[in-house]
1. Which of these, B:115, B:171, B:317, has the largest mean-square fluctuation under a Gaussian network model of chain B (Cα springs below 10 Å)?
2. Using amide H atoms built in the peptide plane, which far-off residues or other-chain residues are under 5 Å from residue B:95 H to H?
3. Once amide H atoms are placed 1.01 Å from N in the peptide plane, what residues at a sequence separation of 5 or more from residue B:182, or on another chain, have their amide H within under 5 Å of its amide H?
4. Cα axis of helix B:8-17 to longest principal axis of chain B: angle in degrees, 0 to 90, nearest 10?
5. So how tilted is helix B:374-387 from the main axis of chain B? Cα-based, degrees 0 to 90, rounded to 10.
6. Against the longest principal axis of chain B, how steep is helix B:393-409, in degrees 0 to 90 to the nearest 10, with axes from Cα atoms?
7. Can you run phi through the Karplus equation (6.51, -1.76, 1.60; θ = phi - 60°) for the stretch A:113-123 and list ³J(HN,Hα) in whole Hz, with x for Gly and Pro?
8. Mind listing the phi-derived Karplus ³J(HN,Hα) values for the stretch A:83-97, rounded to whole Hz, using 6.51, -1.76 and 1.60 with θ = phi - 60°, and x for any glycine or proline?
Amino acid sequence: MDNFLERVIIEPFDSLRERLLQFLPDILTSVLIFMAGIVLGVVLKFLFLRFFRAINLDRLFERSGLLEMMQKGGMKDRLSVILARVIGWVTIFGFLILSLRSLNFPAVERILESFLFYLPRVFIAAIILFVGYVLGNFLSRAALIASVNAGFRMAGLIAKLVKLIILLLSMTMALEQLGIGRETIIIAFAIIFGGVVFALSLAFGLGGKDIAREYLEKRMKGDDNKDEINHL
Amino acid sequence: MDSILLRPDIRDKLNEITEADILVGIPSYNNARTIGHVVRAVQAGMAKYFPDKKTVLVNSDGGSTDGTTDVVQATAVEDFQSILLHHRVSPVFKIATPYHGIPGKGSAFRTIFEIAGALNVKACAVVDSDLRSITPEWIELLIKPVVEGGFDYVSPLYHRHKYDGTITNSIVYPVTRALYGKRIRQPIGGDFGFSGALAKFYLTKDVWETDVARYGIDVWMTTTAVANNFRVCQAFLGAKIHDPKDPGSDLSAMLFQVVGATFDLMETYYETWKMIRESEDVPTFGFQYAVGLEPVSVNLNRMVEKFRLGIKELIDIWKVFIPGDIIAFLQKTGDSQKSEFRIPDEVWGKIVYSFAIAAHKKLLNKEHLLKSLTPLYIGRVASFVMETWESNAVEVEEKIENLCNNFEKGKKLLLDNWS
């Protein structure tokens with residue numbers, strides 16, 4: 001009976017205790033590495049922010065036009081703050097990976113390995129999305145101003161459509177980069193984009209035939225109500 | 001960009017002429033219909049007023065396809081007696097050549113400056129190729145102040161229809177006068193006289209890849225002359241009547257180039273204009289008289305509608321750099337009845353200065369910023385048209401004078417917000 005109890009209860013518990021005792025230092029090491037990462041991340045963020053301000057990085061980017069591009073893209077923070085923040089987070093993230101690896105779990109290691117291989121794609125996808133966002137805002141504003149100056153009443157709608165198409169395109173490219181439903185995404189984009197163009201053609205064709213006729217008549221016969229103001 | 005002087009045909013022509021006293025340049029692009037009259041007036045002016053001088057006429061063409069350069073080559077004054085000329089005159093040399101560089105009036109002028117420099121001329125003039133009111137006296141009035149008066153730059157002074165030259169009247173004249181302190185009434189008139197030395201000075205500037213190469217050339221020439229302390233005067237030329245601009249020409253692009261060049265010059269000459277507190281008259285030559293002008297059609301409804309569309313769609317862009325009280329006023333104006341529609345001088349001055357400050361601080365992409373000015377400018381022109389509907393030329397001039405005074409008073413706001 002004693003033997004049975006020892007094999008069924010005591011031995012597994014002993015084994016668990018031994019494993020825990022073996023694993024505890026790893027957990028402790030992992031937590032310590034992660035905490036060190038957080039501290040280092042915060043310190044580096046602070047130091048780099050001071051450094052960027054000392055070298056007047058914002059002014060440098062202002063001159064290059066990048067700051068203007070980011071502001072147009074809706075970014076409110078200064079570039080030095082954003083860069084310092086990115087450095088801080090990359091440090092913390094790097095230490096998180098180190099801390100997970102220090103656990104010596106084969107399953108975790110495998111996941112980390114595949115994640116690390118995937119990371120460049122995530123990075124490129126993020127860049128594509130960022131560029132798409134900034135470009136979308138820029139071209140949308142250009143379309144808005146040009147449409148207003150041309151006197152199109154639907155200037156706002158045109159600007160929104162331009163932005164939507166560019167965002168859709170960048171999202172498609174980002175998802176393709178991530179390898180998520182590659183064919184499906186491209187086909188879906190082609191259908192949506194084609195649909196939008198077709199709908200617009202129909203809308204302009206049916207709804208705008210009078211405007212088109214009026215426009216052509218004005219071009220051919222001349223506009224009786226034209227301005228003769230010479231601006232220069 | 002290669003210099004025009006490297007072209008063998010131009011080199012041969014310059015070798016043939018060697019040196020000259022006076023050069024008149026005519027920039028052109030598809031002006032076959034009007035350029036013949038301009039060439040005749042220039043030739044007659046040279047023959048009548050400078051018979052003993054060696055003179056050159058340069059047509060700098062932008063690749064016309066309607067035979068403009070052929071018209072220039074074929075045109076000559078056949079009957080000198082009609083201009084009361086009986087004595088022997090030196091021949092007028094003629095050069096008609098396509099210019100190099102960015103398509104635009106500025107590039108055409110650059111070619112004229114280069115030829116003037118190569119021929120070491122004493123005095124130059126440039127006149128537009130679409131003029132219908134040019135007479136031989138224009139050449140005398142643009143050249144003589146340089147040759148005999150020792151001036152370096154002669155700006156034109158015309159009688160124009162009250163709704164002609166609205167960018168000049170509402171932006172360029174008030175701004176340049178307030179900034180540089182010289183009351184040059186037509187700073188972008190298009191027809192100027194200048195010394196050979198000033199032509200050479202223009203060539204030393206590296207601006208030929210900017211908006212100066214396009215519509216920005218006129219304000220650049222005037223401002224460069226004033227800001228660098230060249231001796232400046234005005235000459236009264238009478239009426240300015242010219243072919244209407246191509247209806248396809250884009251107002252916002254024109255505004256972008258002219259206002260963009262004006263704002264760029266503010267950067268270049270900040271040290272000069274920040275010191276100037278008030279404006280003064282410049283010497284004016286020519287016998288002034290009243291002239292009849294052709295009527296100008298104005299579509300007020302369309303202008304007000306464009307302004308309202310701008311208020312509806314672009315107000316968020318303007319909020320970034322236009323003060324809140326002006327934004328509130330613009331919104332109220334956008335909602336008002338057409339009969340109550342007004343953009344007063346003080347408001348317009350603050351708007352223009354806000355755009356200048358925004359361009360200086362690079363708050364927005366420059367092209368977006370300046371093109372977004374178009375609906376506001378159209379609104380201001382509509383307001384001006386309504387205010388001066390019944391006014392005669394003298395009353396209109398008084399209105400423009402008031403506007404200029406407002407710009408001069410408002411300069412402090414510009415200076416306070418510049419740095």
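Here, each number is a calculation from the coordinates, and none is a lab measurement. Note that the structure is predicted; figures quoted are calculated from it, not measured. Cβ: placed from backbone, ideal geometry, glycine included. Neighbour counts: every protein chain shown.
1. B:317
2. Close amide H contacts, sequence-distant or interchain: B:57, B:58, B:59.
3. The list, which skips near neighbours in sequence, is B:280.
4. It is inclined by approximately 70 degrees.
5. 90 degrees
6. 70 degrees
7. 4, 5, 5, 5, 5, 7, 4, x, 5, 4, 4
8. Values, residue by residue: 5, 4, 5, 4, 4, x, 5, 4, 4, 4, 5, x, 5, 4, 5 Hz.
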